[in-house]
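S.K.: Handing you this structure, nothing more for now.
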Amino acid sequence: MSVRVSPIEGIRDEMDELFGSGRQLGEILEDVARLSVRLVIQTVWESEVVGFLERDRYERRGEDAPAGSRNGYQPPSVIKTTLGPVEVRRPKLRNTLVPFASQLFGTGVTRTNALESLVIAGWVRGLSDRDVEAALAESLGPEATVSKSTVSRICERLRDEFATWKQRPLDDLELDYLFLDASHFRYHDGAAAEPVLAAWGITTAGKPVFIGLAPGGSESTDAWSGFLSDLKDRGLGCPLLIISDGAPGLIAAVQLHFGRARRQRCAIHRARNILAKVSKVDQAAVKADYWKIFDVDAEPGDRAVREARTNAKQFAVKWRKKYPAAVECLEHDLEALFEHLRFPSNTGGASATPTSSNAASVRPADASKSSVGSPARRAASPSCGRCSTARRAAGAAFP
């Protein structure tokens, strides 16, 4: 390649030759894809150099422009990608006050983030370092894969980053809402699924924040208590409202560690529980009647809760004879299902709560100052964060 031809122009010439080779399109698609990856990487580097020097190629340096100039390119080097290895040429600069380093690719990149993501995805799904190496070699070819030692280094860095994140202080967080739930995963083939305990929330500024994640072994009181105790030890204060499902161990741990917080029973978890006890023929009608329970006209507070109780009684009268188990499920822990009705609806433009409804940044209508901890908090969501997000995405098809 002539020194006067930039790598970008050279790659485009290779593409033109490829399309003009007379080969079938299906035969050249992978070659085109690899050339496209090369073109993107080279274009990014060239754009970063323009930004670093504050002038285009062959443009004279202005009086206020940073010191330094282009000095050609380094010898070709190989970067491993999910499409196989690609050859690129890093730009060289001279006489700069600080060394040039790509903000996207770093100074010595040998593989793309997509390839690293494949390594991490295989590892977190329970594959050993050797299994990950073999899987990549089988899928991408021996030239595109990474060695067992490289897999180990990537995953070790992930472990270190997660350990640092798990130990970070939480005393700068002031939460309106704290969502608690567990998801079950199989760590290895043939093993029983085990829970991973998770905590996330909404701050008083209306910002979502992921707070904690830890293996639980079970959803017992001891497991949740240890998890919540760690969050408190790192400075997490008592939120205004805690939203969760009805797991007894979780509820007991919440009462132990955040007894001053109000508790909202996740309305979507409860909807799923109820619909599991209803024939498919009637599920749509039961679901519609269930959500009508929360449609109240009264001002927030005790009156709104009383109206919701009346709606719940009407639901029970309508469906008890046909689906007694579903009605019994509704009536269990019913008061916690209405906690969000004690909060004013939004009239002042406050940011949205974790569900699609808005709420004002004020105290619950019937809460005493000593029972909630913060005098100005945003109103409550009737659902846990993960469920409400899924419900918004799925629309009416999601209970």
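The values are calculated or read from the model by the stated rules, or taken from the named source; none is laboratory data. All figures in this text were calculated on a predicted structure; none of them were measured in a lab. All Cβ positions, even for glycine, are placed from backbone atoms using ideal geometry, and neighbour counts span all protein chains on display. When the accessible area is computed, the model is the full protein with side chains, heavy atoms only, and any ligands, DNA or RNA have been set aside. Shrake-Rupley method; radii C 1.70, N 1.55, O 1.52, S 1.80 Å.
S.K.: What pairs can you find where one residue is in segment 53-68 and more than 18 Å from S102 (Cβ to Cβ), the other is among the acidic types (D, E) and open to solvent by 100 Å² or more (accessible area, probe 1.4 Å), and their Cβ atoms are less than 6 Å apart, with a gap of 6+ or different chains?
M.R.: Short answer, once both residue conditions are applied: A65/E54.
S.K.: Something else now. Conditions: (1) on the phi < 0 side of the Ramachandran plot; (2) out of contact with any Lys or Arg (no Cβ under 7 Å at 6 or more places or on another chain). I268 meets all but one. Number of the miss?
M.R.: (2)
S.K.: Do the conditions hold for P215, that is, is it modelled with pLDDT under 90 and in contact with a Leu (Cβ under 8 Å, 6 or more places away or on another chain)?
M.R.: yes
S.K.: Kindly evaluate A312 against the criterion of being surrounded by fewer than 13 Cβ atoms within 10 Å (Cβ to Cβ) and among the small types (G, A, S).
M.R.: Answer is no for this residue.
Rundown of residues vs (1) closer than 25 Å to E328 by Cα; (2) modelled with pLDDT of 90 or more; (3) open to solvent by 60 Å² or more (accessible area, probe 1.4 Å); (4) among the hydrophobic types (A, V, I, L, M, F, W, C), yes/no style:
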| position | (1), (2), (3), (4) |
| --- | --- |
| V209 | no, yes, no, yes |
| T221 | yes, yes, no, no |
| L236 | no, yes, no, yes |
| K280 | yes, yes, yes, no |
| I293 | yes, yes, no, yes |
| D297 | no, no, yes, no |
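S.K.: Separate question: Taking the conditions exactly as written (under 40 Å from the mean Cα position of the chain (by Cα), modelled with pLDDT under 75 and loosely packed, with under 14 Cβ neighbours inside 10 Å), does L83 satisfy them or not?
M.R.: For L83, the condition - under 40 Å from the mean Cα position of the chain (by Cα), modelled with pLDDT under 75 and loosely packed, with under 14 Cβ neighbours inside 10 Å - is not met.
S.K.: Does A65 qualify as being among the hydrophobic types (A, V, I, L, M, F, W, C) and at pLDDT below 75?
M.R.: no
S.K.: Of everything in segment 6-51 that's of a type in the set (G, A, S) and either in a helix (DSSP H, G or I) or in contact with a helix residue (DSSP H, G or I) (Cβ under 9 Å, 6 or more places away or on another chain) (or both), which residue is nearest to G68 (Cα to Cα)?
M.R.: The residue in question is G51.
S.K.: What are the pairs with Cβ atoms under 8 angstrom where one residue, in segment 178-195, is farther than 30 Å from L240 by Cα and the other, located anywhere, is assigned to a strand (DSSP E or B) and open to solvent by 10 Å² or more (accessible area, probe 1.4 Å)? Sequence gap at least six, or different chains.
M.R.: That search, which allows pairs on different chains as well, returns F185/E194; F185/V196; R186/E194; Y187/E194; A193/H184; A193/F185.
S.K.: Go through segment 39-65 and give me each residue that's within 16 Å of R89 (Cβ to Cβ), touching a strand residue (DSSP E or B) at 6+ places or on another chain (Cβ under 9 Å) and open to solvent by less than 40 Å² (accessible area, probe 1.4 Å).
M.R.: Residues satisfying the conditions are I41, Q42, V44, W45, E46, E48, V49.
S.K.: In this structure, is L197 touching a Ser or Thr at 6+ places or on another chain (Cβ under 7 Å), closer than 17 Å to H257 by Cα and not polar (S, T, N, Q)?
M.R.: no
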